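The values are calculated or read from the model by the stated rules, or taken from the named source; none is laboratory data. From a predicted model like this one, the values you see are computed outputs, not experimental measurements. Please note: Cβ atoms are built from the backbone with ideal geometry, for glycine as well, and neighbour counts cover all protein chains shown. Note: areas computed on protein heavy atoms with side chains; ligands, DNA, RNA excluded. Shrake-Rupley method; radii C 1.70, N 1.55, O 1.52, S 1.80 Å.
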Amino acid sequence: MVEPKKSCLLCNNKSECFKQLNENELAYADSNRAEISYRKGEMVAKQGNFYTHILYLQSGMVKVYKELPDGSNLILSIFGVGSLIGLPFLFKNQILDYSVSALKDTTICSINRATFEKLIRENGRFATEVVNQLNYCNIYNYDRLVSLTHKQLNGRFADTLLYLSRVVYKANPFILTLSRKDLAEYTGVSVMSIIRAIKDFKKDGIIDINGNKVEILDFNQLERISKTG
C-alpha cells in the first residue's frame, strides 16, 4: 500500500547518507521516491526482477533471502529500521539475485536508483557514507561465509543469537519476529536442527525462551561457542 509521503526535508528518520544532503538535494530525492507499507509476510522484492530502486526501512523488519533451485531458501541477512537495501547493485544493470519480504508490518521508502546514483556523483559526503555502509556489508558477508562454511550447528546458532540480540533487535531480552523456519534458513540448517539447538541451549542455561520472548542468560558462554564453532 502506498502511503502519503512525508517530505524528506521534514523527516526525522533519515539514514546517515541523507543527513549529508542540502535542502535542494533533499527536495530532489523527495520527488523521486515513494513510501510503501507491507504486511507481515508480504513480498517486497522478487528474485529475478529488474533492480530499479534502493530500499530504505522507515519502520519494521525484512529478510533478504536466496531462493535455491531445490525450492528451499537461505536467508542472507535480516534488516531493521534505518537500513538501506540494494547498495551493491548500484551503477550496473542487473536483475535481483535475492528476494525481500517483511518479517513484520513494515514501511519502506523506495528511492529511484538513478536518483541515488546522481547524488553519489555530486555529493562527496553522501558518497562517503554510502561507502561506509558498503564496507559494513562486506565485513558482515565475510563473517557469514566463515560461519556457514566452517562452523557446526552450535557455532552457527550462537552466531545467529548474538547477531539478533546485538544488531537486529539491539536488546536482551527481545521479542523474536522470526519463525523456527526463518531461524533455520538464516542459520543454514534444518528446522529440526534448530529445534534441537534451542532445546540444548536452554537446557545448558545459555538462553531462555518463553513463547516469542528470547533472553540470553550467558553471553560469555555464547561467545565461546561462537568462537570455537
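Structure data summary
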{"item": "Filter result for Ile108 (of a type outside the set (D, E, K, R), touching a helix residue (DSSP H, G or I) at 6+ places or on another chain (Cβ under 6 Å) and open to solvent by less than 60 Å² (accessible area, probe 1.4 Å))", "result": "no"}
{"item": "Residue check, Glu122 open to solvent by less than 70 Å² (accessible area, probe 1.4 Å), farther than 16 Å from Phe79 by Cβ and acidic (Asp, Glu)", "result": "no"}
{"item": "Check on Pro69, open to solvent by 40 Å² or more (accessible area, probe 1.4 Å), under 26 Å from Arg121 (Cβ atoms) and outside any strand (DSSP E or B)", "result": "no"}
{"item": "Any helices (runs of 4 or more DSSP H) falling wholly within the stretch 83-169 and containing at least 1 residues that are in contact (Cβ under 8 Å) with a residue 12 or more places away in the chain, among the β-branched types (Val, Ile, Thr) and farther than 18 Å from Ser15 by Cα", "result": "153-163"}
{"item": "So Ile78, is it within 19 Å of Thr128 (Cβ to Cβ), touching a strand residue (DSSP E or B) at 6+ places or on another chain (Cβ under 6 Å) and either open to solvent by 60 Å² or more (accessible area, probe 1.4 Å) or in contact (Cβ under 8 Å) with a residue 60 or more places away in the chain (or both)", "result": "no"}
{"item": "Selection count where residues are among the charged types (D, E, K, R), open to solvent by 70 Å² or more (accessible area, probe 1.4 Å) and more than 17 Å from Leu183 (Cα to Cα), scope the stretch 81-105", "result": "2"}
{"item": "Hey, Thr160 touching a Ser or Thr at 6+ places or on another chain (Cβ under 6 Å), among the hydroxyl-bearing types (Ser, Thr, Tyr) and closer than 21 Å to Lys40 by Cβ or not", "result": "yes"}
{"item": "Filter pass, Ser7 being part of a loop (DSSP other than H, G, I, E, B), of a type in the set (Ser, Thr, Tyr) and open to solvent by less than 40 Å² (accessible area, probe 1.4 Å)", "result": "yes"}
{"item": "Test: Ser72 is free of Cβ contacts under 8 Å to residues at least 60 places away in the same chain and either out of contact with any Asp or Glu (no Cβ under 7 Å at 6 or more places or on another chain) or of a type in the set (A, V, I, L, M, F, W, C) (or both)", "result": "no"}
{"item": "Residue identified as out of contact with any Gly (no Cβ under 8 Å at 6 or more places or on another chain) and part of a helix (DSSP H, G or I) among Lys63, Lys19, Lys14", "result": "Lys19"}
